[in-house]
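Have a look at the structure below, then the notes.
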Amino acid sequence: MAAPDNRTILNVQNLSVYFGQTDKPAVDNVSLTLGAERLGIVGESGSGKSTLGRAIMRLLPPIGRIQADALTFEGASLLDKKERHLRALRGNQMALIMQDPRYSLNPVLPIGKQVAEAAILHLSASKREAYTLAAEMLAKVRINDIERTMALYPHQISGGMGQRVMIAMMLLAKPRMVIADEPTSALDVSVRGDVLKLLDELVRENQAGLMLISHDIRMVAAFCERIIVMYKGRIVETLSHLDEAQHPYTRGLIAAMPDPRSPVARLKTLDRLAIDSAEVKP
Ligand SMILES: Nc1ncnc2c1ncn2[C@@H]1O[C@H](COP(=O)(O)OP(=O)(O)OP(=O)(O)O)[C@@H](O)[C@H]1O
Ligand SMILES: [Mg+2]
């Protein structure tokens, strides 16, 4: 096995994101680093997880304003990069699997052609080889009826299929950093484990860093070495194991998720008063 690579791939210092004219940030002073590891980002709906991922990729909509002391990828700042450079990086070295990936696929190109283009670009494959490789990759991400799917356009496939198509393209591009935003929530339980396994292979083989965004704290804890817990745009704590959870919000998230080992008749809901009065310890 290759020696572990402890280099920092991504460094984020005091990142905040504001939408429109409001002075309440959607992401509030977040700092984190990512090496060749699996890092989970958890938090309830609206806690700023997707906004954080998109801000890192510099993929916020025009009304999103970003403020940061540092945002570096492989040692170079992403804050002052031109869109042209960012686009080249996104296609090659850093990748985002969006919660609804249909928008990140090219709407006017059939699926097969898009995946084949990734093979031509990254593996210098011939057109013919590229289609064979594309079909192989789509099979790897458990797309059924490959020939039919390859002829479909992005708006004709489901969100879960779109995410798997994105993963297939990434398997060809071998990026250094992958941000996966809820990559399994739209999938059947039977396929979820496979998709996680593929992401795991992808990062291990390439010594890449994976940021796995999810509201499912138990799934993230089972898969990631570190877990960052977000609440109202802020990091409330960072854990390597669920047993370490101190913050009432994190404990609430854990109690609100069913534990297959000890089923309970009724799941707990969050105690917001206790959470808001608790001290924040990043
Ligand atoms: N394009 C936008 N315009 C205005 N506000 C936005 C936009 N995108 C996100 N927000 C706001 O930012 C906050 C964080 O949203 P975000 O989508 O990052 O949450 P999330 O943790 O990913 O939630 P979920 O688990 O539902 O995906 C929310 O209050 C949301 O309303
Ligand atoms: Mg989200």
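Residue by residue, here is whether (1) in contact with a Ser or Thr (Cβ under 7 Å, 6 or more places away or on another chain); (2) among the polar types (S, T, N, Q); (3) part of a loop (DSSP other than H, G, I, E, B) holds:
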residue	(1), (2), (3)
Arg128	no, no, no
Ala134	no, no, no
Leu152	no, no, yes
Val165	no, no, no
Leu171	no, no, no
Ser190	no, yes, no
Val203	no, no, no
Item to check | Number of the exception - Val17 against (1) closer than 24 Å to Gly91 by Cβ; (2) not small (Gly, Ala, Ser); (3) not in a strand (DSSP E or B) | outcome: (3)
Next on the checklist: Residue under question is Arg102, and the condition is that it be within 16 Å of ligand 2 (Cβ to nearest atom) and either of a type in the set (D, E, K, R) or modelled with pLDDT of 95 or more (or both); does it hold?
Outcome noted: yes
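Quick grid of which residues meet (1) open to solvent by less than 10 Å² (accessible area, probe 1.4 Å); (2) over 18 Å from the mean Cα position of the chain (by Cα):
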| position | (1), (2) |
| --- | --- |
| Pro154 | yes, yes |
| Met161 | no, no |
| Val189 | no, yes |
| Lys197 | no, no |
| Asp200 | no, no |
| Leu210 | yes, no |
| Arg226 | no, no |
| Thr238 | no, no |
Checklist entry - For residues in region 2-56 being surrounded by fewer than 20 Cβ atoms within 10 Å (Cβ to Cβ) and among the aliphatic types (A, V, I, L, M), which is farthest from ligand 2 (Cβ to nearest atom)? => result Ala3
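Listed here are the residues, each with its yes/no results for (1) more than 27 Å from Val12 (Cα to Cα); (2) outside any helix (DSSP H, G or I); (3) free of Cβ contacts under 8 Å to residues at least 12 places away in the same chain.
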position	(1), (2), (3)
Arg87	no, no, yes
Leu109	yes, yes, no
Gly112	yes, no, no
Glu117	yes, no, no
Arg142	yes, yes, no
Met161	yes, no, no
Ser185	no, yes, no
Item to check | Among the candidates Arg65, Arg38, residue that is within 27 Å of Met257 (Cα to Cα) and in the same structural domain as Gln207 (by the TED database) | outcome: Arg38
Checklist entry - Can you tell me which residue in region 112-131 is farthest from the chain's Cα centre (by Cα), limited to those that are open to solvent by less than 80 Å² (accessible area, probe 1.4 Å) and of a type in the set (S, T, N, Q)? => result Ser126
Checklist entry - Can you name the residue in region 132-151 that is modelled with pLDDT of 90 or more and of a type in the set (S, T, N, Q) and is also farthest from the chain's Cα centre (by Cα) among such residues? => result Thr132
Checklist entry - Is it the case that Ala26 is aliphatic (A, V, I, L, M) and out of contact with any Gly (no Cβ under 8 Å at 6 or more places or on another chain)? => result no
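Output yes when any residue across region 152-167 is modelled with pLDDT of 90 or more, under 26 Å from Ala55 (Cβ atoms) and not aromatic (Phe, Trp, Tyr), and no when none is.
Of the residues in region 152-167, the ones modelled with pLDDT of 90 or more are 152-157, 165.
Next, from what is left, pick out any that are under 26 Å from Ala55 (Cβ atoms): 154, 165.
Now drop any that are not not aromatic (Phe, Trp, Tyr), which leaves 154, 165.
Scanning region 152-167 turns up at least one residue that is modelled with pLDDT of 90 or more, under 26 Å from Ala55 (Cβ atoms) and not aromatic (Phe, Trp, Tyr).
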Checklist entry - When you go through (1) within 16 Å of ligand 2 (Cβ to nearest atom); (2) open to solvent by 30 Å² or more (accessible area, probe 1.4 Å); (3) modelled with pLDDT under 90 one by one for Lys232, which number turns out not to apply? => result (3)
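The values are calculated or read from the model by the stated rules, or taken from the named source; none is laboratory data. Computed from a predicted model, the values in this text were never measured in an experiment. Cβ coordinates were reconstructed from backbone atoms using ideal geometry, including for glycine residues, and neighbour counts include every protein chain displayed. We work out accessible area using only protein heavy atoms, side chains counted, and drop any ligands, DNA or RNA first. Shrake-Rupley method; radii C 1.70, N 1.55, O 1.52, S 1.80 Å.
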